[in-house]
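Structure, as structure tokens:
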Amino acid sequence: MVPPSVNRSYRIDIMHVSEAVRRRMSVRAFRPDPVPADVVRELLELSARAPSGGNVQPWRVHALTGAPLAELIALANENGADPEPAYDVYPHNLWEPYRTRRFQIGEALYASIGIPREDKPGRLRQLARNGQLFGAPVGVFVFIDRKMGPPQWSDLGMYLQTLMLLATERGLDTCPQEYWARFASTIERFVNAPEDQMLFCGVALGYRDENAPINTLHAPRAPFAEWGQMHGF
């Protein structure tokens, strides 16, 4: 049943969940086509049906487009990254098999756009595309209370996954970006976030550029036998 607070014009039968899961990917080249405000609002609001421990609903969300988004991007580029990120995206000295997985997807990404390992300027230019939201017309920035702990951070993950799958159902695409943790103070000031709230990540939202080579990359997943066990079946 659609919650009464959600516009009932929102169709939930466009795509099976399993199809959305298979189609969803981190898109790194978007078309500039705008996304209607009512669609963005529906996605953000319906995503709040994601579960959270004790129903605390720890997410705080700011969606930007048009002039405000362009101003924020320009300001972040002008100010530069914070001296320290809001948090460590990866543990220090990442170990196996996680280190290899991260290395392999990075190499595959640069290979998809023809940037060899020795082309460090080319790699840096591609990295800087994060700061442009890869050309997406909408930036969604997700915050959390600084006093919250790991359980509530996992709640953010459920909100984000719900948002990305709903966007896929609507024919949109996304790229979650912990990259923005490096610019947390700039973004927090720009959206007038209370001091007790910290930025967790940004999400690029829009329509994928089907002709961009980088969007041919579909990150592989480890086989079930590597990480899963079933007991008593």
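The values are calculated or read from the model by the stated rules, or taken from the named source; none is laboratory data. Nothing here was measured: the structure is a model prediction, and the numbers come from that model. Note that each Cβ is placed from the backbone with ideal geometry, even for glycine, and that neighbours are counted across all protein chains shown.
Only residues that are of a type outside the set (A, V, I, L, M, F, W, C) and in contact (Cβ under 8 Å) with a residue 60 or more places away in the chain: list them for segment 127-143, please. Step through it out loud before you land on a result.
Kept after step one, since they are of a type outside the set (A, V, I, L, M, F, W, C), are these residues of segment 127-143: 129-132, 135, 137, 139.
Hits for segment 127-143 are 129, 135, 137, 139.
If I ask for residues that are assigned to a helix (DSSP H, G or I) and charged (D, E, K, R), which ones from segment 163-185 would you list?
169, 178, 182
What is the one condition in (1) assigned to a helix (DSSP H, G or I); (2) within 14 Å of the chain's Cα centre (by Cα) that residue 189 does not satisfy?
(2)
I need every pair where a residue in segment 205-221 that is under 27 Å from residue 63 (Cα atoms) has its Cβ under 6 Å from the Cβ of a residue that is surrounded by fewer than 17 Cβ atoms within 10 Å (Cβ to Cβ) and acidic (Asp, Glu), sequence separation at least 6 or different chains.
The qualifying pairs are 207/33.
Which of the residues spanning segment 125-162 are assigned to a strand (DSSP E or B) and buried (at least 17 other Cβ atoms within 10 Å of the Cβ)? Show your work before the answer.
At the first step, the residues of segment 125-162 found to be assigned to a strand (DSSP E or B) are 138-145.
Result: 138, 139, 140, 141, 142, 143, 144.
Limited to segment 192-207, what total is found for residues that are surrounded by fewer than 10 Cβ atoms within 10 Å (Cβ to Cβ) and either assigned to a strand (DSSP E or B) or under 15 Å from the mean Cα position of the chain (by Cα) (or both)?
Residues meeting the conditions: 0.
Do the conditions hold for residue 122, that is, is it farther than 19 Å from residue 182 by Cβ and surrounded by 13 or more Cβ atoms within 10 Å (Cβ to Cβ)?
Working: farther than 19 Å from residue 182 by Cβ: yes; surrounded by 13 or more Cβ atoms within 10 Å (Cβ to Cβ): yes.
In short, yes.
Could you please find all residues in segment 41-96 being outside any loop (DSSP other than H, G, I, E, B), polar (S, T, N, Q) and exposed (fewer than 12 other Cβ atoms within 10 Å of the Cβ)?
Residues of segment 41-96 that are outside any loop (DSSP other than H, G, I, E, B), as a first pass: 41-47, 53-55, 60-79.
With the extra rule that they be polar (S, T, N, Q), the set shrinks to 47, 55, 65, 77, 79.
Selection gives 55 alone.
Just to verify a result, which residue in segment 165-193, among those that are small (Gly, Ala, Ser) and in contact with a Lys or Arg (Cβ under 9 Å, 6 or more places away or on another chain), is farthest from residue 29 (Cα to Cα)?
The first filter runs over segment 165-193 and keeps only residues small (Gly, Ala, Ser), leaving 167, 171, 181, 184-185, 193.
Next, only the ones that are in contact with a Lys or Arg (Cβ under 9 Å, 6 or more places away or on another chain) stay: 167, 193.
Working: 167: 16, 193: 29 Å.
Restricting to residues being small (Gly, Ala, Ser) and in contact with a Lys or Arg (Cβ under 9 Å, 6 or more places away or on another chain), the top hit is 193.
Can you find, within segment 106-115, the residue that is farthest from residue 36 (Cα to Cα) among those that are surrounded by 14 or more Cβ atoms within 10 Å (Cβ to Cβ) and under 20 Å from the mean Cα position of the chain (by Cα)?
Checking each candidate, the answer is 110.
Is there a residue being part of a loop (DSSP other than H, G, I, E, B), aliphatic (A, V, I, L, M) and more than 20 Å from residue 47 (Cβ to Cβ) anywhere in segment 208-218? Quick ask: steps written out before the conclusion?
Quick first cut of segment 208-218, residues part of a loop (DSSP other than H, G, I, E, B) only: 209-212, 217-218.
Filter once more, keeping what is aliphatic (A, V, I, L, M): 212, 217.
Remaining after also requiring more than 20 Å from residue 47 (Cβ to Cβ): 212, 217.
So far as segment 208-218 goes, yes, one or more of its residues are part of a loop (DSSP other than H, G, I, E, B), aliphatic (A, V, I, L, M) and more than 20 Å from residue 47 (Cβ to Cβ).
Please list, ordered by first then second residue, the pairs with beta carbon atoms under 7 Å, 6 or more apart or interchain, first in segment 84-112 and in contact (Cβ under 8 Å) with a residue 40 or more places away in the chain, second of a type in the set (S, T, N, Q) and not in a loop (DSSP other than H, G, I, E, B).
112/216
Go through (1) touching a helix residue (DSSP H, G or I) at 6+ places or on another chain (Cβ under 9 Å); (2) surrounded by fewer than 20 Cβ atoms within 10 Å (Cβ to Cβ) for residue 175 and report which single condition fails.
(2)
Which condition number in (1) at negative phi; (2) modelled with pLDDT of 95 or more is the one that residue 54 fails?
Of the numbered conditions (1) at negative phi; (2) modelled with pLDDT of 95 or more, the odd one out for residue 54 is (1).
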